[in-house]
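See structure below.
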Amino acid sequence: MEKRFHFRKLLVSLLVAASVVVKAQTSVDPTVMNVAGKDVPLSEFVYIAGKNSEVNLADSASLGTYLELFKKFKLKVAEAESLGMDTTQSFVNELKGYQEQLLKSYSKDSGEVLTPDKIRYIEHNYPEYKHLMQEYRDGILLFEVSDREVWSRASSDAAGLETFFEQTKLKYSSDNLDAVRGEVIADYQSWLDNQWTKRLADKYPIKVYWEVLKKLTK
């Protein structure tokens, strides 16, 4: 619950503090990949990369590393959607709350009524609004599905944790699980995440449009 609270608080803080930065975009937004039947536009791929100062899309090695992380991220979102996490009332209400706060950040008057025409104006004139909404939407889903498949499971699956420890105990400073429980749980989470990601890669098809990606390194 504490992890969930801090995650929610971080999202809200980022949303409230989000500045309106208009970035030049071309009228053509090619598809960079397709994950589980859904196209991912190049603009979204580039936008998320821009959030990480360590990613250099002009460098082929950095691009390749980021691509693998992005695919894993989208696979987990696809799984959350498959489980219907994007249709629950709590999710819909939460996303709507973020949207209302975000829309206000584009208004000069904090008391301005955001009519449908005003919302359409913002959507048309501020392309980054769409990316921010997508980012928050996917972020919520990523948290929920990761909590279900990895974090909560690692903490509650006593038998699985014990088995994992028995198979890997030589790497720890003690052969008493209680003495190194925190470290083992962290490693067990990583192991669960890796196994889960492999299953998702087999479950959902991914098509990468390399001709689009290669243009980023030129």
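The values are calculated or read from the model by the stated rules, or taken from the named source; none is laboratory data. Values in this document were obtained by computation on a predicted structure and should not be read as measured data. Please note: Cβ atoms are built from the backbone with ideal geometry, for glycine as well, and neighbour counts cover all protein chains shown. Heavy atoms of the whole protein, side chains included, go into the accessibility calculation; ligands, DNA and RNA do not. Shrake-Rupley method; radii C 1.70, N 1.55, O 1.52, S 1.80 Å.
Rounded to the nearest 0.05, the FRET efficiency derived from the C-beta distance between Val92 and Leu69 at R0 = 25 Å is 0.35. Per residue, the stretch 110-215 exposes 59 Å² of accessible surface when a 1.4 Å probe is rolled over the protein heavy atoms with every protein chain present.
Each residue was assigned an accessible area with a 1.4 Å probe, and for Lys74 the value is about 20 Å².
So if I take the centroid of the Cα atoms in the stretch 144-218 and the same for the stretch 83-113, what is the distance between those two points in Å? The stretch 144-218 and the stretch 83-113 have Cα centres separated by 32 Å.
For the stretch 55-125, the ratio of Cα radius of gyration to the globular rule of thumb 2.2 N^0.38 Å stands at 1.60.
Once the mean of 1/r is taken over each pair of separate Cα atoms and inverted, the stretch 47-173 shows a Kirkwood hydrodynamic radius of 18.0 Å.
Given the chain, report the % of alpha carbon pairs whose separation exceeds 31 Å. Everything past 31 Å amounts to 33 percent.
Projecting the alpha carbon convex hull of the stretch 110-218 along each direction and taking the average yields 13.4 nm².
Summarise the accessible area of the chain (1.4 Å probe, protein heavy atoms) by the percent that is carbon and sulfur. Roughly 54 percent, rounded to a whole number. Each residue of the stretch 194-202 is assigned a 3J(HN,Hα), and the resulting list reads 5, 5, 4, 4, 5, 5, 5, 5, 7 Hz, derived from the Karplus form 6.51 cos²θ - 1.76 cosθ + 1.60 (θ = phi - 60°), x at Gly and Pro.
Return the tail of the calculated pair distribution for the stretch 87-136, meaning the percent of Cα-Cα pairs more than 18 Å apart. Above the 18 Å cut-off, the stretch 87-136 has 30 percent of its Cα pairs.
Using the Cα coordinates of the stretch 162-218, the gyration tensor eigenvalues translate into equivalent-ellipsoid semi-axes of 38, 14, 8 Å, sorted from longest to shortest.
The angle between the Cα long axis of helix 127-146 and the longest principal axis of the Cα atoms of the chain comes to about 20 degrees, rounded to the nearest 10.
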